[in-house]
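**Student:** Okay, handing you the structure first.
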Amino acid sequence: MAMLELTQDDPDWLGALSVALTRPPGVPERRAGEDPWAPDTTGRPRRIADDLAWFRVALDDPAAAGLAPLPASAAVSAWEAADDDVTAKLARLRDRGVLGAAGFLLHDDGPTPLV
């Protein structure tokens with residue numbers, strides 16, 4: 001089970017997008033030479049920006065996205081994510097620094113395998 005916490009009054013979506021669109025140091029461009037019309041075989045978003053887009057929609061309707069609001073919290077806002085798929089998406093965003101840039105923290109019980 002994981003807990004997502006907003007640490008400031010409003011999320012910094014522009015800062016999060018800036019981090020998401022920046023390729024990590026030492027990582028080559030992955031899409032060079034790929035056929036954009038070929039079916040997706042990875043089973044997950046191909047870019048971290050896709051996870052960020054999911055996250056923005058998830059905060060508009062947390063219950064539909066698998067996030068349960070935690071009413072009694074010292075944080076500005078907090079949600080609980082019990083679903084492993086939701087936790088994996090949030091962990092990818094955290095590991096790339098996108099959650100931090102937006103003003104969120106992810107607290108989880110243990111390592112979530114990146115899919």
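Where a number appears in this text, it was derived from the coordinates with a stated rule and is not lab data. This structure is a prediction, so every number in the text was calculated from the model and none was measured. Cβ coordinates were reconstructed from backbone atoms using ideal geometry, including for glycine residues, and neighbour counts include every protein chain displayed.
**Student:** Within 13 Å, Cβ to Cβ, of Ala63, how many net charges do the neighbouring residues add up to if Lys/Arg are +1 and Asp/Glu are -1?
**Tutor:** -4
**Student:** I would also like to ask the following. What number comes out for the charge environment of Leu52, summing +1 per Lys or Arg and -1 per Asp or Glu over other residues with Cβ under 11 Å away?
**Tutor:** +3
**Student:** Tell me the label-point distance for the pair Asp109, Asp95, using the 7 Å Cα-to-Cβ offset, in nm and rounded to one decimal.
**Tutor:** Simple spin-label model gives 2.0 nm for this pair.
**Student:** Taking R0 as 35 Å, what's the FRET efficiency between Arg56 and Glu29 from their Cβ-Cβ distance, rounded to 0.05?
**Tutor:** Step by step, r from the Cβ atoms, then E = 0.90.
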